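Read-outs throughout are calculated quantities, based only on the coordinates presented, and are distinct from any laboratory measurement. Predicted, not measured: the structure shown is a model, and the values here were computed from it. Cβ placement follows ideal geometry from the backbone for every residue including glycine, while neighbour counts extend to all protein chains displayed.
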Amino acid sequence: MMPQICAENGLAREDIVFVSGIGCSSRFPYYMNTYGFHTIHGRAPTVALGLKIARPDLQVWVITGDGDGLSIGGNHLIHTLRRNLDVKILLFNNRIYGLTKGQYSPTSEFGKRTKSSPLGVIAQPVNPLSLACASRATFIARTIDKDTKHLQEVLLRAARHRGSAFVEIYQNCNIFNDFAFDHLTDRKVRNERLLYLEHGRPLTFGADAEKVIVTTGRGATSHFGVATRSEAIEEDIVVHDEATGNDAYTYALSGIDHPEFPVPMGVLRALEGPTYEEQLAGQIEEVQRRKGPGSLETLMHSGEVWTVD
Amino acid sequence: MNPAAPGNTGYQSLENVIIRFAGDSGDGVQLTGSLFTQDSAVMGNDISTLPDFPAEIRAPAGTLPGVSSFQLNFSSRDVHTPGDRPQVLVALNPAALHVHLADLVPGGLVILNEDAFTPAGFKKAGIDTDPREDGSLAGFSVHGLPITALTLEAVKPTGLGKKQAERCKNMLTLGVVCWLYDRDCDVIETLIDSRFGSANAELAAANKLALQAGFGYADTIRLMPHRYRVEKASLAPGKYRRITGNSAAAMGFVAASQLSGRPLIYASYPITPASDILHELARLRHFGVLAGQCEDEISAMGAAIGAAFGGALGLTATSGPGVCLKSEALNLAVMTELPVVVVDVQRGGPSTGLPTKTEQADLLQAMFGRNGESPLAIVAPQSPADCFDMAVEAFRIAIKYMTPVFYLSDGYLGNGPEPWRIPDLDTLTPIDVNFATDPAAFMPYLRDPETLARPWAIPGTPGLEHRIGGLEKADGSGAVSYDPLNHENMVRLRAEKIERIADDIPELEVLGPQAGELLVLGWGSTYGAIRTAVEDLQQEGASVASAHLRYLNPLPRNLGAVLDRFDKILVPEMNSGQLRLLLRARFLKDIAGQNKIQGQPFKTSEISERVRSMLSPGSTRRARA
């Protein structure tokens with residue numbers, strides 16, 4: 001799938017780099033015939049930072065997982081997103097540590113029993129999309145491994161986005177967390193439990209799209225609810241806006257979850273904004289316009305210089 | 001103003017003078033010191049300075065913690081240290097006298113601002129009795145001058161308010177000192193004008209009036225029966241400026257970028273005492289320097305690696321605690337064999353330790369502080385000026401050998417200003433960069449037969465697409481390999497690559513007799529103290545030599561032979577004996593250590609005393625070779 005996406009973007013494979021951390025997800029670069037860097041646990045965004053600053057001409061993908069990107073590397077994820085560095089971050093979320101054979105991860109459900117939590121996890125799971133929103137990411141999306149068509153659409157959107165693109169991919173782990181998302185993707189319940197987002201369209205779900213997400217209350221007291229289309233007042237029905245700069249909307253949308261709500265799938269946010277490397281180049285251009293290109297000779301001779309004959 | 005004709009005051013010639021200016025941190029002591037330093041430099045003296053100001057937060061005026069000082073050693077011969085103990089102390093208030101008097105040499109000269117020696121002044125300094133009357137100053141040559149009153153009188157024509165007028169008293173003091181050392185005020189007047197600029201012409205005028213008044217006063221009262229002269233030193237001709245190690249390093253890295261034609265990407269996280277490198281480089285965006293502050297030390301290391309992977313010069317700087325955080329990522333650079341440079345401006349440890357104090361205790365961390373067998377190159381500048389040269393050298397080695405390079409500076413080098421003969425950029429050797437481009441014979445871990453460096457194959461090059469990472473590599477192909485023999489081979493290859501750098505660095509130079517009773521061997525910022533101590537002893541005829549290691553891994557090829565030529569070896573270090581440990585293990589020699597772990601640099605006298613104690617009684621044995 002990735003070669004197609006890269007090809008559709010008109011990129012030669014030598015101009016693409018996949019940077020990964022450590023974990024099952026991070027084997028990814030070995031499956032590609034582009035340039036690749038399999039770095040260390042959690043630190044792929046840091047290597048991507050230096051690479052992208054050095055080489056804005058490259059398309060850089062960061063491949064991470066729920067442990068790599070949200071636990072050991074959580075700090076780097078936050079800061080990469082807020083910089084709006086032009087990298088595409090794919091976070092494969094299987095809600096478990098697979099490579100180390102089955103410990104709980106930052107996205108494991110509360111109470112989940114694993115090898116390292118035999119009596120159940122006693123911390124709340126991180127919501128990756130909410131974290132991305134709080135980190136002021138300009139592109140936030142979610143998709144799922146089993147729905148390859150949707151996966152491809154979302155990755156294509158991410159590839160085309162200018163700036164940090166954050167994509168959470170629900171990923172089954174057939175060894176250590178099998179059926180992790182079957183409660184959402186099972187054919188019988190899929191329509192009820194997944195909320196496919198389309199920009200400018202009402203948030204609808206259900207077998208016949210008969211249910212809607214509504215907003216109740218106004219201003220600070222507003223929150224989302226579920227109603228049937230026939231019962232809902234038209235102006236209460238939430239119309240998806242991926243281009244809004246309103247953090248409150250995106251944050252609220254990122255937070256709705258099973259079982260109270262269907263789970264959002266697709267592009268939650270896609271904002272235009274200057275990238276980190278563009279701004280860096282802009283600063284250089286601006287200061288060179290004012291001061292001229294720096295002269296090391298002049299710099300070395302600055303301050304109080306004296307001559308010995 | 002011209003210096004007064006000799007008249008009834010004669011001149012006494014001195015080889016060097018160590019003078020310390022001390023006052024409240026609001027008294028402009030640092031400015032006074034640096035102006036007199038500049039004047040001494042222009043007069044042709046060799047100079048070395050030690051500015052010492054209170055910790056970050058300003059203490060109340062007049063108190064002991066608020067005292068700021070500036071020591072200058074100006075000399076007619078080469079100097080390498082600011083000197084151990086001043087011969088002259090200028091004290092602008094009782095607190096300054098109290099803090100610094102103990103350092104003054106017996107019989108030393110004290111110049112006091114008498115106007116500050118009041119009961120209120122004593123109270124602020126927490127002193128019960130007047131030191132001028134309680135015997136504290138016995139044995140010194142004391143000159144109390146009404147400096148505040150003279151200053152107010154002198155700057156009256158400018159119409160400045162009392163508070164601002166009083167702030168010129170440092171210049172009055174400087175005028176007195178100029179008279180004492182037979183200095184013209186012209187150079188300092190020019191410096192005052194350039195410091196204050198036309199926008200503050202009034203202040204500049206007031207400062208100049210105070211300066212002239214001080215000179216005139218000393219001349220009128222014939223402060224001393226004779227004045228002093230320190231003749232010119234024989235210095236290499238050229239243009240000079242003062243520079244700190246951190247500034248010199250920053251410029252050196254920019255030079256490396258220009259010499260290699262590759263952009264410099266500097267990623268770092270603020271940490272004392274390395275932050276000034278970040279500040280210096282952040283100002284240089286118009287040079288195309290991409291200096292950025294990262295979210296943490298790890299990110300800074302990762303960004304440097306990413307930059308190197310992309311074909312730029314990847315640089316990061318930190319201090320010990322930051323090195324701890326960077327270690328895992330630095331090991332990735334060892335495994336992926338990418339050219340990055342890590343600057344460690346060492347400070348007192350362990351843990352947060354003594355952030356503002358100097359130490360040399362990260363050598364073993366640099367050598368071994370990573371999992372697995374993880375060799376890399378280590379260089380260590382020996383002086384602030386050398387920080388420039390070694391910055392260029394660090395990247396030359398990193399690129400030629402495709403290896404991370406540790407650059408071990410320390411707080412004393414980083415913050416210590418010293419004269420620097422500004423190098424001519426045209427004389428610096430370009431750094432060759434040869435990116436791989438030919439897909440035909442390309443393998444990511446195919447090594448250069450001479451250097452064992454792997455190719456630098458950067459993304460964007462068609463046909464060279466490959467994957468690298470932290471997993472063990474198959475020799476040549478670079479594919480992930482768990483093969484036992486391959487692993488052993490790769491561990492040996494990585495070590496051999498670093499060892500071969502020894503063929504490409506200068507041999508260790510011995511100063512003094514090339515063989516004999518004792519060699520004092522150092523590294524890093526102890527250079528000045530060691531060299532001065534050893535030169536002094538050589539003048540007394542002792543069979544002692546000094547040598548300084550600027551390359552710590554690999555060590556210079558001739559080091560073993562040098563060690564064999566001396567009966568005894570002494571290694572002074574600001575740690576418990578880290579270089580000594582390495583040398584003993586490598587050369588199986590009984591090497592003595594002199595170890596000072598006080599967050600303070602060595603005094604020359606400490607080293608001379610130790611050397612004396614190691615020399616055979618009455619040793620004036622001459623060099624054997």
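Quick notes on this structure:
- Considering only beta bridges that DSSP places wholly inside the protein assembly as shown, some 35 percent are antiparallel.
- Sites B:Ala149 and A:Thr298, calculated FRET efficiency, Cβ-Cβ separation with R0 45 Å, nearest 0.05: 0.50
- Values of log10 I(q)/I(0), in the order q = 0.19 Å⁻¹, for the range B:417-520 under a Debye, Cα-only, solvent-free model: -1.05
- With respect to chain B, whose longest principal axis is taken over its alpha-carbon atoms, helix B:29-42 is tilted by about 80°.
- Residue exposure proxy: B:Asp276, A:Asp145, B:Asp483, ordered by other Cβ atoms within 10 angstrom of their Cβ from fewest to most, comes out as B:Asp483, A:Asp145, B:Asp276.
- Sorting B:278-286, B:386-394, B:487-495 by their mean Cβ neighbour count within 10 Å, with the most densely packed peptide first, gives B:386-394, B:278-286, B:487-495.
- Based on the convex hull around the alpha carbon atoms, chain A presents an average projected area of 22.8 nm².
- Counting only DSSP H runs of at least 4 residues, each contributing -39500 (n - 2.57), and dividing by the residue count of chain B, the helix-based mean residue ellipticity at 222 nm comes to -11000 deg cm²/dmol.
- The mean of 1/r over all pairs of different alpha-carbon atoms in the range B:510-614, once inverted, gives a Kirkwood hydrodynamic radius of 13.6 Å.
- According to the Cα-based calculation, Rg over Rh for chain B is 1.03, with Rh computed by the Kirkwood formula.
- Per-residue mean of foreign Cβ neighbours for B:310-316 is 4 (Cβ atoms of other chains, 10 Å radius).
- Exercise: per-residue mean of other protein chain Cβ atoms within 10 Å, B:277-288: 4
- Taking Cα atoms only, the orientation of helix B:245-260 departs from the longest principal axis of chain B by about 40 degrees.
- DSSP beta bridge pairing in chain A, given as percent antiparallel to the nearest 5: 35
- The relative contact order of chain B, computed from alpha carbon pairs under 8 Å that lie at least 6 residues apart in sequence, is 11 percent.
- P(r) histogram, all alpha-carbon pairs of the range B:173-327 included - 5 Å bins from 0, percent: 2, 8, 12, 12, 11, 8, 9, 9, 9, 9, 6, 3, 1, 0
- Taking every residue in A:116-129 and counting other chain Cβ atoms within 10 Å of its Cβ, the average works out to 0.
- The range A:210-308 - percent relative contact order, Cα under 8 Å, separation 6 or more: 18
- For B:Arg77, net neighbour charge (Lys/Arg +1, Asp/Glu -1) across residues whose Cβ lies under 13 Å away: -4
- Working note: Cα atoms of the range A:10-53, range along each principal axis, descending, whole Å: 30, 25, 12.
- Annotation for the range A:214-309: trypsin sites (Lys or Arg not before Pro) lying in DSSP loop with at most 10 further Cβ atoms inside 10 Å of their Cβ are A:Arg218.
- DSSP beta bridges in the range A:1-131 [antiparallel fraction, %, rounded to 5]: 10
- Relative contact order (percent, whole number), the range B:510-614, Cα cutoff 8 Å, 6+ residue spacing: 32
- Where the Cα pairs of the range B:241-427 fall when distances are cut into 5 Å bins, in %: 1, 9, 19, 23, 23, 15, 7, 2, 0
- Tail beyond 37 Å, pair distance distribution of the protein assembly as shown (Cα, percent): 57
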